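The values are calculated or read from the model by the stated rules, or taken from the named source; none is laboratory data. Because the structure is a prediction, the values reported are computed rather than measured. Quick reminder, even Gly has a Cβ in these numbers, built from the backbone with ideal geometry, and neighbours come from all protein chains shown. These accessible areas exclude ligands, DNA and RNA; they are computed on the full protein's heavy atoms, side chains included. Shrake-Rupley method; radii C 1.70, N 1.55, O 1.52, S 1.80 Å.
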Amino acid sequence: MAVLASVAKTNSPQSALIGIAVTPDLEIVFDTVKSSRKYPNLISEPACSFVIGWTGEQTVQYEGTAEELGGAELERYKKVYFQAWPDGPARQSWPGIVYFVVRPAWIRYSDFDQNPPLIREFTFRRGRT
């Protein structure tokens, strides 16, 4: 699970808790419906961010660019998503269901359970560190 932040056409921030899958290239894959607020936000402004947390004080801050998936690329990413979310195939019949991939631009991993805290930042260009 992660909190996705996007920007509405009115320039107001909007957030949603969503289920995610992560590829070996650190891309985030998720589904949504076209009637959600996030769908038009990401279509008009694909820049978005996530906060992902675990138990304790370990977090990931993630910024990237979203792309709605289609065709053969969609099928490839669905496999990743359905591996993380076995109930995902049942949602394929939902009206307006769509899938997005977000490719990373910047990631910060923080672990404040350690003393001193561990903080690492990564900047990506064209999908590579």
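Points worth noting:
- Scanning the range 8-33 for residues that are free of Cβ contacts under 8 Å to residues at least 40 places away in the same chain and surrounded by fewer than 14 Cβ atoms within 10 Å (Cβ to Cβ) yields 9, 10, 11, 12, 13, 17, 24.
- Residues of the range 93-114 that are polar (S, T, N, Q) and modelled with pLDDT of 95 or more: 93, 110.
- Test for residue 89: is it open to solvent by less than 70 Å² (accessible area, probe 1.4 Å) and in a helix (DSSP H, G or I): yes
- Going through (1) among the hydrophobic types (A, V, I, L, M, F, W, C); (2) surrounded by fewer than 16 Cβ atoms within 10 Å (Cβ to Cβ); (3) in contact (Cβ under 8 Å) with a residue 40 or more places away in the chain one by one, residue 48 falls short only on (2).
- Taken together, 75, 63 contain a single residue that is of a type outside the set (A, V, I, L, M, F, W, C), in a strand (DSSP E or B) and either closer than 20 Å to residue 109 by Cβ or without any contact (Cβ under 8 Å) to a residue 24 or more places away in the chain (or both), which is 63.
- Top-ranked residue of the range 115-129 - restricted to ones that are touching an Asp or Glu at 6+ places or on another chain (Cβ under 7 Å) and part of a loop (DSSP other than H, G, I, E, B), ranked as modelled with the lowest pLDDT: 127
- Residue match in the range 30-43 (condition: among the polar types (S, T, N, Q) and under 23 Å from residue 122 (Cβ atoms)): no
Conditions tested, residue by residue: (1) among the basic types (Lys, Arg); (2) open to solvent by 30 Å² or more (accessible area, probe 1.4 Å).
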{"site": "66", "(1), (2)": "no, no"}
{"site": "72", "(1), (2)": "no, yes"}
{"site": "81", "(1), (2)": "no, no"}
{"site": "94", "(1), (2)": "no, yes"}
{"site": "98", "(1), (2)": "no, no"}
{"site": "108", "(1), (2)": "yes, yes"}
{"site": "120", "(1), (2)": "yes, yes"}
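- Counted residues, the range 51-63 - those being open to solvent by less than 20 Å² (accessible area, probe 1.4 Å) and on the phi > 0 side of the Ramachandran plot: 0
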